[in-house]
1. Can you tell me which of (1) surrounded by fewer than 24 Cβ atoms within 10 Å (Cβ to Cβ); (2) away from chain B (no Cβ under 13 Å) is the one A:R79 doesn't meet?
2. Could you tell me which of the residues A:I63, A:I51, A:I12, A:I86 is at pLDDT 90 or above and within 15 Å of the chain's Cα centre (by Cα)?
3. Just give me the residues in segment B:46-70 being modelled with pLDDT of 95 or more and surrounded by fewer than 24 Cβ atoms within 10 Å (Cβ to Cβ), in sequence order.
4. From the residues in segment A:174-183 that are surrounded by 15 or more Cβ atoms within 10 Å (Cβ to Cβ) and of a type outside the set (D, E), which one is nearest to A:L199 (Cα to Cα)?
5. From (1) in contact (Cβ under 8 Å) with a residue 12 or more places away in the chain; (2) part of a loop (DSSP other than H, G, I, E, B); (3) at the interface with chain B (Cβ under 8 Å from one of its Cβ atoms), pick out the condition that doesn't hold for A:G113.
6. Given (1) in contact with a Phe, Trp or Tyr (Cβ under 6 Å, 6 or more places away or on another chain); (2) modelled with pLDDT under 85; (3) aliphatic (A, V, I, L, M), where does A:V142 come up short, assuming only one miss?
7. Under 8 Å between Cβ atoms, which residue pairs at least 6 apart in sequence (or on different chains) link something in segment B:249-267 that is acidic (D, E) with a partner that is assigned to a loop (DSSP other than H, G, I, E, B) and surrounded by 21 or more Cβ atoms within 10 Å (Cβ to Cβ)?
8. Can you find a residue in segment A:52-66 that is within 19 Å of A:G196 (Cβ to Cβ), part of a helix (DSSP H, G or I), touching a residue at least 12 places away in the same chain (Cβ under 8 Å) and within 12 Å of chain B (Cβ to nearest Cβ)?
Amino acid sequence: MATDTLVVLKNITKNFGGIHALKGVDFSIGTGEVVALVGHNGAGKSVLVQILSGVFSPTAGEISINDRSLSFSSPVDARRQGIETIYQTLALADNLDTPANFFLGRELRTYFGFLDKKRMAKEAQESIARLNSNFVNITRSVRQMSGGQRQAIAIARAIYFDARLLIMDEPTAALGPSETAQVHILIRRLRSEGVGILLVSHDVRDVMSLADRIVVLKNGEVVGTVRPAESSEDEVIDMIIRGRPQTERSVSCT
Amino acid sequence: MHIDRSTALQRLNPLINLVTPIWVVLAVLVIVVALFFDRFLSPQNIVSILQQGVITGVVALGMTIVLIGGQFDLSTGAIVVMAAVVAVIVGPSTGTGTFLAIVLPILLGSAVGAMNGLAVFWAGANSIVATIGMQFLLMGVVLASVSGQHVRADNISAIFTGLAQSQFLGIPVSVIVFGSVALVLAIVMNNTVFGRHIYAVGGNIETARRAGIDVTQIGVATFMLSGALAALSGVMIASLVGHVSPTSIAHYEFPALTAVVLGGTSLAGGVGQPTDTVAAILVLAVISNVLTLLDYQYPIQLLVQGVVLIVAVAYYAWQGAKV
């Protein structure tokens with residue numbers, strides 16, 4: 001259901017000293033579009049995610065959202081623009097409870113400036129329950145929760161804060177089959193609600209079933225973009241390994 | 001009648017959270033000791049127990065905050081010495097002198113804390129090594145500036161001596177200061193955004209950073225707090241005795257660290273409560289008091305303190321392994 005262009009990255013380059021992590025990457029994500037980013041370890045996926053989420057600034061290049069050129073100096077800047085990121089392992093702090101994690105960095109305060117714990121607990125409970133009705137006890141330590149429950153907190157948080165672009169870094173890597181299916185349902189639901197989704201994954205089968213477009217990265221460069229409906233798993237895997245499009249159907253750097 | 005057990009438990013939860021193991025240990029200890037020693041619950045003895053823990057207690061409270069933030073501050077012993085020496089040298093004889101003798105050491109303590117914090121959170125130094133380095137540096141500066149001599153102030157004002165020696169409603173002012181610091185820190189840690197961010201930084205610094213928290217700012221603030229509180233302890237020592245021998249009041253950091261760990265603050269960061277540090281300080285003070293009542297000398301007291309610390313660390317490790 002891709003419609004308008006939401007985010008455009010032009011010629012994004014990132015160097016760490018002498019290491020060229022990204023070399024002139026171009027791509028875009030539309031509203032209500034799921035774009036998957038695939039590639040081997042070291043291809044540049046994480047660096048690109050961290051640039052989009054404000055953790056790193058690009059050495060060169062331009063990011064624009066809804067045709068406005070922007071630069072992020074911190075994750076707060078990215079979130080102000082509606083970019084929410086769900087990290088595979090770094091989404092939650094184990095020592096904090098669910099409401100504290102849900103509102104981390106954006107805490108609700110009372111009139112006197114203290115933490116409004118009651119309101120945060122209520123809002124977190126309601127938001128997560130809307131997503132996962134089995135999630136009953138938000139007072140439980142996050143450490144004791146399953147991977148699916150942790151993902152539910154992170155996804156509910158992104159929805160609560162009106163994400164326009166949701167970046168999901170290996171969202172199902174730590175999940176079992178039923179929890180993975182739940183996350184897939186959520187991704188489809190968010191897409192139908194107009195949220196743009198950047199899905200970073202090693203699982204080609206997963207992205208073939210979810211993505212509207214698949215962007216393949218190798219050695220910091222986009223080697224091609226394919227549409228799952230017009231492609232095959234083998235073709236994508238071949239691009240990841242060989243670093244170049246196999247067929248005429250591949251669309252370069254959309 | 002149907003009772004929703006989970007709701008009832010949730011209502012009780014804040015109360016259950018308040019009753020941590022160290023408070024249970026303190027309660028049991030007080031009951032058992034009171035059964036065996038009539039003198040234990042006498043007002044003078046209770047005041048003496050409270051007073052005994054105050055100096056170490058204030059240092060330990062600051063250290064608790066740094067440890068919750070995921071770091072160590074071993075420079076506090078030297079900050080105590082520096083603050084005590086500065087307070088005495090400033091000469092708290094006049095009104096202005098008294099004000100400066102209290103405020104200047106505390107400002108210097110926070111400045112040292114800021115340097116520690118920047119070394120750790122901005123430059124990326126290991127906090128144990130950086131703060132031990134700061135300890136050597138400070139002790140060197142203090143000893144050199146007083147030529148290793150005893151420093152003494154003349155005509156100390158009543159306000160300054162009152163800080164540690166006077167009483168209000170029968171309670172020593174130093175105990176009131178300790179209790180107030182603990183109360184304020186408990187509120188800050190549990191009810192403010194700043195406190196919440198300290199727990200987040202100590203629990204998982206990368207998650208905190210990605211949540212948009214300025215981890216350097218938070219980390220430096222924890223060290224500044226620790227430095228200011230260590231300096232407050234030094235001022236109280238100066239107020240208590242009126243003269244300072246720099247070498248004899250060193251090494252407050254290890255008894256303080258003992259209390260912090262005994263109170264359940266995690267050495268890995270992210271877990272701990274100032275109120276539990278208070279309970280731990282009281283446990284150590286009661287044990288020390290009992291040993292004194294039994295006429296055991298200092299070496300035995302050290303030995304018992306060591307055993308208590310090892311048992312506490314083993315208990316918390318076992319608790320952590322259960323989660």
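1. Against the list (1) surrounded by fewer than 24 Cβ atoms within 10 Å (Cβ to Cβ); (2) away from chain B (no Cβ under 13 Å), A:R79 comes up short only on (2).
2. Working: A:I63 fails: within 15 Å of the chain's Cα centre (by Cα); A:I12 fails: within 15 Å of the chain's Cα centre (by Cα); A:I86 fails: at pLDDT 90 or above.
Answer to the selection: A:I51.
3. Listed by number, the list is empty, since nothing qualifies.
4. The residue in question is A:V183.
5. Of the numbered conditions (1) in contact (Cβ under 8 Å) with a residue 12 or more places away in the chain; (2) part of a loop (DSSP other than H, G, I, E, B); (3) at the interface with chain B (Cβ under 8 Å from one of its Cβ atoms), the odd one out for A:G113 is (1).
6. (1)
7. Final answer for the pair search is B:E253/B:D73; B:E253/B:L74; B:E253/B:S75.
8. No, there is no match, as no residue in segment A:52-66 is within 19 Å of A:G196 (Cβ to Cβ), part of a helix (DSSP H, G or I), touching a residue at least 12 places away in the same chain (Cβ under 8 Å) and within 12 Å of chain B (Cβ to nearest Cβ).
The values are calculated or read from the model by the stated rules, or taken from the named source; none is laboratory data. The structure presented is a predicted model; accordingly, all values stated were derived computationally and were not measured. Neighbour counts are summed over all protein chains in view; Cβ atoms, including those assigned to glycine, are modelled from backbone coordinates with ideal geometry. Ligands, DNA and RNA are stripped out before the accessible areas are found, and what is left, the full protein with its side chains, is counted by its heavy atoms. Shrake-Rupley method; radii C 1.70, N 1.55, O 1.52, S 1.80 Å.
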